Amino acid sequence: MTRLHEAFAALQEQLANKDQAKVREPAARVAHLCHDIEQAVVESICHLAHGQLGLQSVIDLLACLGDDVRLPSSRIKELLEPLDKRMGESLTLLARVL
């Protein structure tokens, strides 16, 4: 993304010329769209990282319990619902980008 920002900075310098006035608005829209894509990707990575931590917690809990205690499926579902929600949010953000 750094290279993309550098390319847009160079483009903006070239568009400062009066002859390029009609190209400024489309270039600004593309720059804004790139910013939105970058933000969605960053947010998705954060959601996925939190989801991974949640999944690891559930895996650790299940490993600790092992065969000693049987968890009802409703309890397992309850443990996984926050993770499912975060993954859904991440997929929504990524789908918005695509």
Only one of Glu6, Glu38 is assigned to a helix (DSSP H, G or I), at pLDDT 80 or above and either touching a Gly at 6+ places or on another chain (Cβ under 6 Å) or surrounded by 14 or more Cβ atoms within 10 Å (Cβ to Cβ) (or both), namely Glu38
- So is Ala95 in a helix (DSSP H, G or I), under 27 Å from Met1 (Cβ atoms) and either among the hydroxyl-bearing types (Ser, Thr, Tyr) or free of Cβ contacts under 8 Å to residues at least 12 places away in the same chain (or both) or not? yes
Checked the stretch 1-26 for anything within 24 Å of the chain's Cα centre (by Cα) and over 30 Å from Met87 (Cα atoms); matches are Glu6, Ala7, Phe8
So, first residue of a type in the set (D, E, K, R) in the stretch 1-30, second residue assigned to a helix (DSSP H, G or I) and surrounded by 10 or more Cβ atoms within 10 Å (Cβ to Cβ), Cβ within less than 7 Å, six or more apart or across chains; the pairs are Arg24/Leu15
Note on the stretch 47-68: residues loosely packed, with under 14 Cβ neighbours inside 10 Å and in a helix (DSSP H, G or I) are Ala49, Gln52, Leu53, Gln56, Ser57, Ile59, Asp60, Leu61, Leu62, Ala63, Cys64, Leu65
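Return yes or no: is Leu71 among the aliphatic types (A, V, I, L, M), out of contact with any strand residue (DSSP E or B) (no Cβ under 8 Å at 6 or more places or on another chain), at pLDDT below 75 and surrounded by 14 or more Cβ atoms within 10 Å (Cβ to Cβ)? Steps first, answer last, please.
Working: among the aliphatic types (A, V, I, L, M): yes; out of contact with any strand residue (DSSP E or B) (no Cβ under 8 Å at 6 or more places or on another chain): yes; at pLDDT below 75: yes; surrounded by 14 or more Cβ atoms within 10 Å (Cβ to Cβ): no.
For Leu71, the condition - among the aliphatic types (A, V, I, L, M), out of contact with any strand residue (DSSP E or B) (no Cβ under 8 Å at 6 or more places or on another chain), at pLDDT below 75 and surrounded by 14 or more Cβ atoms within 10 Å (Cβ to Cβ) - is not met.
The values are calculated or read from the model by the stated rules, or taken from the named source; none is laboratory data. Since the structure is predicted, the reported quantities are computational estimates derived from the model, not experimental observations. Backbone-built Cβ (ideal geometry, glycine too); neighbour counts: all protein chains shown.
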